[in-house]
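The values are calculated or read from the model by the stated rules, or taken from the named source; none is laboratory data. Only a predicted model underlies this, so the values are computations on that prediction, with no experimental measurement involved. Heads up, the Cβs are rebuilt from the backbone with ideal geometry, glycines too, and the neighbour counts pull from every protein chain shown.
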Amino acid sequence: MSDDNNTPVFQIQRMYLKDMSLEQPNSPGILLEQTQPQVDINLNLAAEPVADGIFEVAVTATVTTKVGDKTLFLIEAKQAGIFEIRNVPAEQLEGIIGIVCPQMIYPYLRAVVSDICTRAGFPPVLLSEVNFQAMFEAQQQQRAAMAAGADATSLPN
């Protein structure tokens, strides 16, 4: 079998926890609070080529839990994967990187966040399911709207 075979290739090379941070800046005093904390969860997706046909895709969750205006705990976890993606049309590559890869990574990230909460002495934070396809499509629409806006502002008066 030669290297110039045009058969599409999609393989997971490795899954790994790339970064993990836990902060409890107001402990131990805030641990005595009886007020229900507010939980804010943000997700971020990043992807970059590592080598020819090899991509790193990372999903980051930032979980901020506050009681009033004081932080109870802050967790930032970045779960990543290295994927081999070859001989795939460019229009499909974005979807694979923006939808398929994060869908494979996310369950690991959910487990890590839940586990670190428990190990820190708190009830687990369960990250809800994410529709990466809807997220990807919304980003595509936002990009198209921004491009249309940039085109409109660059038109001569």
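Here are the numbers:
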read-out: Residue check, Ala144 over 15 Å from the mean Cα position of the chain (by Cα) and farther than 30 Å from Thr35 by Cα; value: yes
read-out: Condition met for Thr64 (among the polar types (S, T, N, Q) and within 30 Å of Pro123 (Cα to Cα)); value: yes
read-out: Residues of the stretch 1-55 that turn out to be part of a strand (DSSP E or B), loosely packed, with under 10 Cβ neighbours inside 10 Å, without any contact (Cβ under 8 Å) to a residue 60 or more places away in the chain and of a type in the set (D, E, K, R), as a count; value: 1
read-out: Yes/no for Lys70 being among the basic types (Lys, Arg) and under 16 Å from the mean Cα position of the chain (by Cα); value: no
read-out: Yes/no for Met20 being at pLDDT 95 or above, within 24 Å of Asn131 (Cβ to Cβ) and under 15 Å from the mean Cα position of the chain (by Cα); value: no
read-out: Residue within the stretch 120-141 that is over 18 Å from Leu43 (Cα atoms), at pLDDT below 95 and in contact with a Pro (Cβ under 6 Å, 6 or more places away or on another chain) present; value: no
read-out: Subset of the stretch 62-92 (residues that are at pLDDT 95 or above and touching a Lys or Arg at 6+ places or on another chain (Cβ under 8 Å)); value: Lys78, Gln79, Ala80, Gly81, Ile82
read-out: Residue match in the stretch 98-118 (condition: at pLDDT below 90 and either among the hydroxyl-bearing types (Ser, Thr, Tyr) or over 14 Å from Ala61 (Cα atoms) (or both)); value: no
read-out: Matching residues, the stretch 57-109, being buried (at least 20 other Cβ atoms within 10 Å of the Cβ), of a type outside the set (A, V, I, L, M, F, W, C) and in a strand (DSSP E or B); value: Lys78, Gln79, Gly81
read-out: Hits in the stretch 118-146 (condition: free of Cβ contacts under 8 Å to residues at least 12 places away in the same chain, surrounded by 13 or more Cβ atoms within 10 Å (Cβ to Cβ) and over 14 Å from Gly95 (Cβ atoms)); value: Pro124
